[in-house]
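Asker: Mind looking over this structure? Questions follow.
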Amino acid sequence: MSRAHPLHRVEQQALASWLEHARILESHVWHLPENSGPGLLVTMPAGWGRPLIDGNHRAARALKLGLPFAATVLSEDETYTLLRRSMHPAIADDIWRRLLQSKSDTDHAVSA
């Protein structure tokens, strides 16, 4: 799914912020080959962001070495398709619907 996409450079500040919340096994960071390939970012619905779902250890290594880190970015539609492939489609549909609804609820609360 990600092979047809161009790579996007991930800004180091955004990467550092994301990695503060990721579970990183330090020994795995240095076990990886230097050129292990790009990461994978998905696009959540309704502006919820673009989390890194593959490549956390590669990203941590790049950040520690001050090297650029690239990732493929999936669109919302591709993210939704991936979610439906990774679990029962009815559960994926419910999760997606809740994400869309919770963002809508948050937007209404802020504008009220």
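Asker: Please indicate, with yes or no, whether at least one residue in segment 62-84 is part of a strand (DSSP E or B), aliphatic (A, V, I, L, M) and in contact with a helix residue (DSSP H, G or I) (Cβ under 7 Å, 6 or more places away or on another chain).
Answerer: In the first step, residues of segment 62-84 are kept if they are part of a strand (DSSP E or B); the result is 69-73.
This time we only want the ones that are aliphatic (A, V, I, L, M), so: 70-71, 73.
Now restrict to residues that are in contact with a helix residue (DSSP H, G or I) (Cβ under 7 Å, 6 or more places away or on another chain): none.
No, segment 62-84 contains no residue that is part of a strand (DSSP E or B), aliphatic (A, V, I, L, M) and in contact with a helix residue (DSSP H, G or I) (Cβ under 7 Å, 6 or more places away or on another chain).
Asker: Among the candidates Asp54, Asp93, single out the residue that is within 29 Å of Lys103 (Cα to Cα) and touching a Gly at 6+ places or on another chain (Cβ under 7 Å). Outline the logic, then answer.
Answerer: On the way: Asp93 fails: touching a Gly at 6+ places or on another chain (Cβ under 7 Å).
Among Asp54, Asp93, only Asp54 is within 29 Å of Lys103 (Cα to Cα) and touching a Gly at 6+ places or on another chain (Cβ under 7 Å).
Asker: For segment 1-22, what are the residues that are in contact (Cβ under 8 Å) with a residue 12 or more places away in the chain and either in contact with a Cys (Cβ under 6 Å, 6 or more places away or on another chain) or within 15 Å of Leu63 (Cα to Cα) (or both)?
Answerer: Arg9, Val10, Gln12, Leu15, Ala16, Trp18, Leu19, Ala22
Asker: Can you name the residue in segment 32-57 that is among the hydrophobic types (A, V, I, L, M, F, W, C), at pLDDT 90 or above and in a loop (DSSP other than H, G, I, E, B) and is also surrounded by the fewest Cβ atoms within 10 Å (Cβ to Cβ) among such residues?
Answerer: Step one: of segment 32-57, the residues among the hydrophobic types (A, V, I, L, M, F, W, C) are 32, 40-42, 44, 46, 48, 52-53.
In the following step, the residues that additionally are at pLDDT 90 or above were identified as 40-42, 44, 52-53.
Filter once more, keeping what is in a loop (DSSP other than H, G, I, E, B): 42, 44.
On the way: Val42: 22, Met44: 18.
Only one residue fits best here, namely Met44.
Asker: Right, next: Would you tally the residues in segment 1-31 being among the aromatic types (Phe, Trp, Tyr) and loosely packed, with under 13 Cβ neighbours inside 10 Å? Please lay out each step first, then the result.
Answerer: Step one: list which residues in segment 1-31 are among the aromatic types (Phe, Trp, Tyr), which gives 18, 30.
Filter again for loosely packed, with under 13 Cβ neighbours inside 10 Å, leaving 30.
Here the count works out to 1.
Asker: Here is a list: Leu82, Leu74, Leu41. Which entry is within 25 Å of Lys103 (Cα to Cα), free of Cβ contacts under 8 Å to residues at least 40 places away in the same chain and in contact with a Leu (Cβ under 9 Å, 6 or more places away or on another chain)?
Answerer: Working: Leu82 fails: free of Cβ contacts under 8 Å to residues at least 40 places away in the same chain; Leu74 fails: free of Cβ contacts under 8 Å to residues at least 40 places away in the same chain.
None of the other options fit; the residue is Leu41.
The values are calculated or read from the model by the stated rules, or taken from the named source; none is laboratory data. Computed from a prediction, not measured in an experiment: that's the story for all the values here. Every residue, glycine as well, gets a Cβ built from its backbone with ideal geometry; the counts of neighbours run over all protein chains shown.
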